[in-house]
Amino acid sequence: MKKLLLLTVLLFSKTFFAQNGWNAYLAGASLPFLSGTATSLVIDKYGNKYIGFTSSLLTSPCSVAKYNIVSGFWTYYCIANTPILPSNRVNALAADTAGNVWIGTPLGLVKYDGTNFTVYTTTNGLPSNNILAIHCVGTQVYIGTYGGLTRYDGSTFYNYNTTNSLLPTDTVCSITAETP
């Protein structure tokens, strides 16, 4: 009976708190947001959790899922309900110390400030629209693309590639920073 009750709780609840401090967040029977492979996870400065997905379907119910730590509810973002998003495929997520969440897609970089979405592309200074990796140090955003590494300081994109730096390749798939 206990196993049946636990299974019922897992299948029909949105959140299940497991042992040892780990939490499992479930969509529930009526909210199938798991529309593709999860590619990235980030927690913003407020404790909200974001999951990026790789669904390429225009009808995908979710490309980014946000779990609001205060309300306990999920919010789902995709092209259908957030037309400014350039793609339903999310390659990378990162959060800066100002509270922005950065979303890397094959068609551009997106900044979400908790209310508004802003899209950046090659027309804004990126070397490539295909964002492969993102890492934030304070409010500095480092972006990995097929065109090299880019640093964004909030107003200017600084691009580094094989022709103007010591990068061995222009494909930057992963980024991390050394912390003091």
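The values are calculated or read from the model by the stated rules, or taken from the named source; none is laboratory data. Remember, predicted model here, so these are calculated numbers, not experimental data. Here the Cβ positions follow ideal geometry from the backbone for every residue, glycine too, while neighbour counts run over all protein chains shown. Remember, those area values only see protein heavy atoms, side chains included, never the ligands or the DNA or RNA. Shrake-Rupley method; radii C 1.70, N 1.55, O 1.52, S 1.80 Å.
Things to note:
- For Ser174, the test of being exposed (fewer than 12 other Cβ atoms within 10 Å of the Cβ) and closer than 20 Å to Ser40 by Cβ is passed.
Condition check ((1) of a type outside the set (Ser, Thr, Tyr); (2) farther than 22 Å from Asp170 by Cβ) across all residues:
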site	(1), (2)
Ala65	yes, yes
Val70	yes, yes
Tyr76	no, yes
Thr82	no, yes
Pro86	yes, no
Phe117	yes, yes
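- The set of residues in segment 99-143 that are out of contact with any Cys (no Cβ under 9 Å at 6 or more places or on another chain) and among the small types (Gly, Ala, Ser) comprises Gly99, Gly104, Gly108, Gly114, Gly125, Ser128, Gly138.
- Segment 141-164, residues that are within 23 Å of Lys45 (Cα to Cα), touching a residue at least 24 places away in the same chain (Cβ under 8 Å) and open to solvent by 50 Å² or more (accessible area, probe 1.4 Å): Tyr142
- Strands (runs of 3 or more DSSP E) contained entirely in segment 85-130, each with at least 3 residues that are open to solvent by 10 Å² or more (accessible area, probe 1.4 Å) and over 13 Å from Ile43 (Cα atoms): 117-120
- Test for Val137: is it touching a residue at least 40 places away in the same chain (Cβ under 8 Å) and open to solvent by less than 50 Å² (accessible area, probe 1.4 Å): no
- Count of segment 90-127 residues which are among the aliphatic types (A, V, I, L, M), farther than 20 Å from Tyr146 by Cβ and under 14 Å from the mean Cα position of the chain (by Cα): 2
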